[in-house]
Amino acid sequence: MTLISSLNLIQTALELGLICSLTVLALFLSYSMLGVCDLSTDGCFTLGAAAGAVVVLAGHPWLSLPAAMLAGCLSGLVTAVLQTRMGVNSLLAGIVVNTGLYSVNIAVMGGSSLLNMNKATTVFTMAKDLLKGSALEGMWKLIPAALFALAAAGLLSLFLRTRLGLAIRATGDNLAMVKSSSIDPAFTTTAGLCISNSLTALSGCLLAQSQRSVNIDIGSGMLTVALASLLIGGVFFRGRSIPLRVLIMLFGAFVFRLGYTLALRLNMPAFMLRLISSVIVVIAISAPYLHSRMPLIKRRMELKREA
Amino acid sequence: MLELKNVSISFSKGTADEHRAIGRLSLRVDEGEFVTIIGANGAGKSTLFNLICGSLIPDEGSVFIDGRNVTMDPEHRRAAYIGRIFRDPMRGSAPGLTIEENLSLAAGTGKWMSLGSRQDHKRFRDALAQLGMGLEDRMTQPVGLLSGGQRQAVTLMMAVINPPKLLLLDEHTAALDPGSAEKVLDITKQAVALDRLTCLMITHDMGAALRLGSRTLMMDQGRVIYDVEGEERSGLSTQDLLRKFRETSGRELESDRMLLSAGRKP
């Protein structure tokens, strides 16, 4: 492998990692902070991609970003209302919304399951035009992706320090306390899911524009892939401060993508991505649990040996 | 200030286990009163608090606060002016948030997008310094690292940082070791006196029930069976309370916990 090609490899991993890191940030908010496992992530990612692509094809690349976020926010609102006001179990609410979104997404794409943006102006082609002739020309995908990821990370860590951010964190941390306080946990859950889903949708919107196409499966498996990145990030540092943890999430997304790209280079078939993500998620969640049970298991085995 | 009119609530309705936890209870508490409440397990003390806070809605009767009927107001709306502390010190604060973040959540003035200000920081620091536990120098540490007593003291600060109209203490020192319990009780006394808070305190410690506050209620089977204040109260001993219970209910006050603490010198 030459230096140039390995640099390219890292750059591709970085681009994809940064774009998908927005979904990781979304899960950091909903899964790590709010304590809700939002199973509508896959559908919401596709929704953002589809809504963004439609707006891009209508000739408004900038407008595609708020449009995707708004669509994601609405999807999050539905998931939240189902679980906070209508008595639907939170996992089921996510699954139901995810399933429903499949139809919604095809409807958004005008009845087709594939949209091409080959000739359309996207946020990335605009960056390409802007950087033409400069030394950074080759980074026309990387730079916008990095800007969006860093801006989202900055805003999210600032948000988590606001009163609403603290209330969302407290809802995930000690629900009993929030229930008997003046904060309505239904409201904090709703706000948290709206924000996290708009980030997920933005992530999908950017990925679609960088690939210049959307298909109905663009988001499938995204929840597990992003969760794997989130948990990888968690392994690297057990930092306590929120801004640090948010930055580590970006880093985790990059490391995950880099590992994946390297594995592809080593002739791992591309279809293995999801299995590997699943295994990473299982290991990252169950390892601490099994570790804490180790002394008990050891004692049991010793007793058996003695008997 | 607080008024309950003919409030009743039953649990497990329509089953063989149906029982009336509170039966036609009426109670008036004036502003600035500090009321201690005693009674055996199952007497309805915590249920009474649940009805006042709105975590339970009575089957019959109404709850008034400052003359306004709040019977149907949701719990989180009432929590804006009612502070409540539970027996479990883990219950009242978020372990993953720092001491300062917990306080600023409790002190929040309702602007959702506001960040903590420097004045707030100083206010929290001063409040924590009053506890005399050195917590003012640990404001950036997660609350989960504190001991039960320290955590309950922080919970108390969270409840009174914006003085509530009504403070409800539900055996808030019962899960602490004797030293911490004494300390938290002292802080409670100070905080209530400082802001002249209207306060209801459930306790299993009969000595504390007579020593603290200005009025004592004894509850049994969902009713108030003895309500004492003023001179009559100051002449009472814990033995008198036990006798009173026997006379009114025809039973011994069976809780070991209460008997043990009744034996202790007030």
_Options B:Thr173, B:Thr203, B:Thr198, B:Thr140: the member that is without any contact (Cβ under 8 Å) to a residue 60 or more places away in the chain, on the phi < 0 side of the Ramachandran plot and under 17 Å from the mean Cα position of the chain (by Cα)_ = B:Thr173
*List every residue pair whose Cβ atoms sit under 6 Å apart, with the two residues 6 or more apart in sequence or on different chains, where the first one lies in the stretch B:11-35 and is within 27 Å of B:Glu229 (Cβ to Cβ) and the second, anywhere, is outside any strand (DSSP E or B) and β-branched (Val, Ile, Thr).*
B:Ala21/B:Thr47; B:Ile22/B:Thr47; B:Phe34/B:Val192
*Would you mind telling me which numbered condition in (1) open to solvent by less than 20 Å² (accessible area, probe 1.4 Å); (2) at the interface with chain A (Cβ under 10 Å from one of its Cβ atoms); (3) under 22 Å from B:Ser55 (Cα atoms) B:Glu75 fails?*
(1)
_Just to check your reading of the model, which residue among A:Leu101, A:Leu39 is closer than 26 Å to A:Pro185 by Cα, open to solvent by less than 50 Å² (accessible area, probe 1.4 Å), outside any helix (DSSP H, G or I) and in contact with a helix residue (DSSP H, G or I) (Cβ under 6 Å, 6 or more places away or on another chain)?_
A:Leu39
*Extreme residue, farthest from the other protein chains (Cβ to nearest Cβ), among residues of the stretch A:181-190 that are surrounded by 21 or more Cβ atoms within 10 Å (Cβ to Cβ) and modelled with pLDDT of 95 or more*: A:Thr189
*Restricting the stretch B:172-202 to residues that are open to solvent by less than 10 Å² (accessible area, probe 1.4 Å) and not hydrophobic (A, V, I, L, M, F, W, C), the residue that is farthest from B:Ile37 (Cα to Cα)*: B:Thr188
*Is the stretch B:112-123 home to any residue that is within 10 Å of another protein chain (Cβ to nearest Cβ), outside any strand (DSSP E or B), touching a residue at least 12 places away in the same chain (Cβ under 8 Å) and open to solvent by 10 Å² or more (accessible area, probe 1.4 Å)?*
yes
_Anything in the stretch B:65-90 that is among the charged types (D, E, K, R), in contact (Cβ under 8 Å) with a residue 60 or more places away in the chain and over 17 Å from B:Leu167 (Cβ atoms)? List them, or say none._
B:Asp88
*Do any strands (runs of 3 or more DSSP E) lying entirely in the stretch B:1-79 carry at least 1 residues that are of a type in the set (S, T, N, Q), modelled with pLDDT of 90 or more and within 20 Å of the chain's Cα centre (by Cα), and which ones are they?*
B:19-29, B:34-39
*For A:Asp173, state whether it is closer than 29 Å to A:Leu101 by Cβ, within 12 Å of chain B (Cβ to nearest Cβ), open to solvent by 10 Å² or more (accessible area, probe 1.4 Å) and acidic (Asp, Glu).*
no
*Please verify whether the stretch A:109-123 includes one or more residues that are assigned to a helix (DSSP H, G or I) and open to solvent by less than 20 Å² (accessible area, probe 1.4 Å).*
yes
*Can you give me the number of residues within the stretch B:124-150 that are touching a strand residue (DSSP E or B) at 6+ places or on another chain (Cβ under 7 Å) and either away from chain A (no Cβ under 11 Å) or open to solvent by 40 Å² or more (accessible area, probe 1.4 Å) (or both)?*
3
_So for the stretch A:213-220 (the condition being of a type outside the set (Asp, Glu), open to solvent by 40 Å² or more (accessible area, probe 1.4 Å) and in contact with a strand residue (DSSP E or B) (Cβ under 8 Å, 6 or more places away or on another chain)), does at least one residue qualify?_
yes
_Given the criteria touching an Asp or Glu at 6+ places or on another chain (Cβ under 6 Å), open to solvent by less than 20 Å² (accessible area, probe 1.4 Å) and not aliphatic (A, V, I, L, M), does A:Gly204 qualify?_
no
*Which residues, counting only those in the stretch B:92-109, are part of a loop (DSSP other than H, G, I, E, B), farther than 13 Å from A:Ser181 by Cβ and facing chain A (nearest Cβ under 7 Å)?*
B:Pro95, B:Gly96
_Going by what's in this entry, would B:Arg84 be described as crowded, with 19+ Cβ neighbours inside 10 Å, outside any loop (DSSP other than H, G, I, E, B) and within 12 Å of another protein chain (Cβ to nearest Cβ)?_
yes
*When only residues in the stretch A:154-170 that are among the hydrophobic types (A, V, I, L, M, F, W, C), within 12 Å of chain B (Cβ to nearest Cβ) and touching a residue at least 40 places away in the same chain (Cβ under 8 Å) count, which is surrounded by the most Cβ atoms within 10 Å (Cβ to Cβ)?*
A:Ile168
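The values are calculated or read from the model by the stated rules, or taken from the named source; none is laboratory data. What you see is a predicted model, and the numbers here were worked out from it, not measured in a lab. When we count neighbours, we look across all protein chains shown, and the Cβ atoms used for this are built from the backbone with ideal geometry, even at glycine. Surface areas here come from the heavy atoms of the whole protein model, side chains and all, with no ligands, DNA or RNA. Shrake-Rupley method; radii C 1.70, N 1.55, O 1.52, S 1.80 Å.
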